[in-house]
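*Asks:* Structure provided below as structure tokens; questions to follow.
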Ligand code: NAD
Ligand code: UDP
């Protein structure tokens, strides 16, 4: 089987490439390294083909892939401030380039959407049928609306142009290969705890997230891609915790006595987030296996070795 992984040098993309390689895929990666890291694929660079390319330009290939995974998009709130137009373009024009490629050459397309399409949700936990509560004019809208456009494009190409598509809604995922300076909660907390500094908790830390370990997450991607499910599917870990509880767990694991430091809550920061994974369980027979303790330990080993 031949796979194209767009955004394959990033955090999730590189773990997906590892998994596909284990399954003996012939793999091509496209990445422009806007947020990715060449080192993420160093350990397998002789086993895959890597093309440096911005997917906002047409894909410079003409062969057929059986599976095309599109994970290209900056995903950290600090990037929403830094490169909003690029994020919007990558999930719209860039994703359309991927869909056009499949329309012309064949192959099943996988779109990496996000729990952010639910915005600051009014229902809890979030099911796929929920249409969301996104502030279209807020600081996160360049990302949230970009992913919603990406889903719409995916649907148009499936219904009108016969492209075979799969859509995953990814909930917060963590693990080795996150960038220390990425700005998301896990890299921030590990970097701070390793330096024996207080962990920066935004707001009062009562907002919740449900964290999925990266290996579980990419196994969910693979299960979805092998299934016949064309509706969006939530993939994430339903065990929910407050950000303050997460900070305390990381300080305990790293034996950091510096505690926490409260900082202002960013605008439109979702108050609660937990996936309803009934669809994934029923249709894909998938559910996460790795506990938070085990996942945090593996993540600690990674950040500690940097
Ligand atoms: P990441 O930034 O580590 O990976 C994204 C990769 O795409 C990077 O290697 C980047 O260089 C590349 N890229 C971005 N724009 C590109 C472009 N125009 N052309 C070519 N390459 C480009 O982020 P990640 O956490 O691995 O996220 C991967 C995907 O999953 C993204 O689409 C993101 O929106 C989605 N997602 C991630 C999470 C999460 O918790 N990590 C949650 C929800 C959704
Ligand atoms: N957060 C925090 N301290 C940090 C970074 C993030 O308290 O140093 C909070 C953030 O406000 C949010 C949660 O942690 O409520 C998850 O943030 P992240 O940026 O990882 O992802 P999000 O789910 O917001 O996209």
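Here, each number is a calculation from the coordinates, and none is a lab measurement. Please read these numbers as outputs of a predicted model, since none were measured by experiment. Cβ atoms come from the backbone with ideal geometry, glycine included; neighbour counts cover every protein chain shown.
*Asks:* Using a Gaussian network model of the chain with C-alpha springs under 10 Å, which one of 71, 296, 85 is most mobile by mean-square fluctuation?
*Replies:* Checking each option, the largest mean-square fluctuation is seen for 85.
*Asks:* Which of 12, 153, 253 moves most in a GNM of the chain, Cα contacts under 10 Å?
*Replies:* Judging by the Gaussian network model, the answer is 253.
*Asks:* For a quick check, take a GNM of the chain with Cα springs below 10 Å and name the residue from 150, 13, 162 with the largest mean-square fluctuation.
*Replies:* 162
*Asks:* Would you list 268, 293 from fewest to most Cβ contacts within 10 Å? Mind showing how you got there, number by number?
*Replies:* Details: 268 16, 293 9.
Fewest-to-most ranking of 268, 293: 293, 268.
*Asks:* Which percentage, to the nearest 5, of the DSSP beta bridges contained in the chain is antiparallel? The partial results should precede the final answer.
*Replies:* Working: 3 of 37 bridges.
So the antiparallel bridges amount to about 10 percent of the total.
*Asks:* If you find the alpha carbon centre of region 86-128 and of region 188-225, how far apart are they in angstrom?
*Replies:* Region 86-128 and region 188-225 have Cα centres spaced 22 Å from each other.
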